[in-house]
Amino acid sequence: SYFIAGWLDYVLILLYVPVGILICLFYENCEKILGTVSSKIPVIPRSIVGGLAIGAVGMFVPMVLFSGEEEIGVLAENFGMYAPAVLIGIALLKVFLTALSIKFGFKGGHFFPLIFACVSMGFGLAMLFFAKDVGGHAAFAAGMVTAAALGAQLKKPIAVSMLLLLVFPLKMLIFSFAAAAVAGRVLA
């Protein structure tokens, strides 16, 4: 089944929400640090350095390239092929590369890449706790981490919940809203 939630899933919300908040904070800090670094480099060398960094990482982990919109579907179908640590690493790398890309002058935004990173993180965490039968638990974990990160960033839990209805089942609406609301208040 696409969506399974049991007592352990509900308990793990206490982990998923802080992880989502931490992803948001990690992104903001990467953006701040990389903004400081990039401001000291002239425009053309900055673009070259940024492009080389993104290209080098993309050669080894192509999944972290682009917005993540298409890659979410690929990841959803194949996440079981990866170790949990790899999925968590992909999430952190995607957040870092997104901040690097923006601060080094490349076009694009951070919204879809952040969603991709949160989905990857959620899948990785679900695999840690539900190794034998991760199934729909992964969708719940990904949804909660994503709702928390977006809630922390946007501070608009209704908007976050409605947006996530495009990706996650209706059954998760109340949980998405709660995760986004709590995260938004924590970083208010």
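Let's see how each residue does on (1) at pLDDT below 95; (2) assigned to a helix (DSSP H, G or I); (3) more than 28 Å from G143 (Cβ to Cβ):
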| residue | (1), (2), (3) |
| --- | --- |
| Y2 | yes, no, no |
| L15 | no, yes, no |
| P18 | no, yes, no |
| I21 | no, yes, no |
| L25 | no, yes, no |
| E28 | no, yes, no |
| I33 | no, yes, yes |
| T36 | no, yes, yes |
| S47 | yes, yes, yes |
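As for the stretch 154-174, it holds at least one residue that is over 30 Å from S47 (Cα atoms) and small (G, A, S).
For the stretch 55-65, the condition of being closer than 16 Å to T146 by Cα and in contact with a helix residue (DSSP H, G or I) (Cβ under 8 Å, 6 or more places away or on another chain) holds for none of the residues.
Scanning the stretch 26-53 for residues that are out of contact with any Leu (no Cβ under 6 Å at 6 or more places or on another chain), buried (at least 17 other Cβ atoms within 10 Å of the Cβ) and of a type in the set (A, V, I, L, M, F, W, C) yields F26, C30. Pairs linking a residue in the stretch 10-38 that is over 16 Å from G105 (Cα atoms) to a residue that is open to solvent by 70 Å² or more (accessible area, probe 1.4 Å), with Cβ atoms under 6 Å and 6 or more positions apart or on different chains, are V17/V182; I21/V186. Contact map, the stretch 113-141: residues that are under 16 Å from A83 (Cα atoms) and among the small types (G, A, S) paired with residues that are part of a loop (DSSP other than H, G, I, E, B) and at pLDDT below 90, Cβ distance under 8 Å, separation 6+ or inter-chain. Pairs shown: A117/G68; A126/V134; G135/S1; G135/I4; A138/F130.
Restrict the check to the stretch 63-70 and report whether at least one residue is surrounded by fewer than 16 Cβ atoms within 10 Å (Cβ to Cβ) and of a type outside the set (D, E). Scanning the stretch 63-70 turns up at least one residue that is surrounded by fewer than 16 Cβ atoms within 10 Å (Cβ to Cβ) and of a type outside the set (D, E).
The values are calculated or read from the model by the stated rules, or taken from the named source; none is laboratory data. None of the values given here were measured: they were computed from a predicted structure. Glycine gets a Cβ as well: all are built from the backbone with ideal geometry, and neighbour counts include every protein chain shown. Heads up: the accessible areas ignore ligands, DNA and RNA and are worked out on the full protein's heavy atoms, side chains in. Shrake-Rupley method; radii C 1.70, N 1.55, O 1.52, S 1.80 Å.
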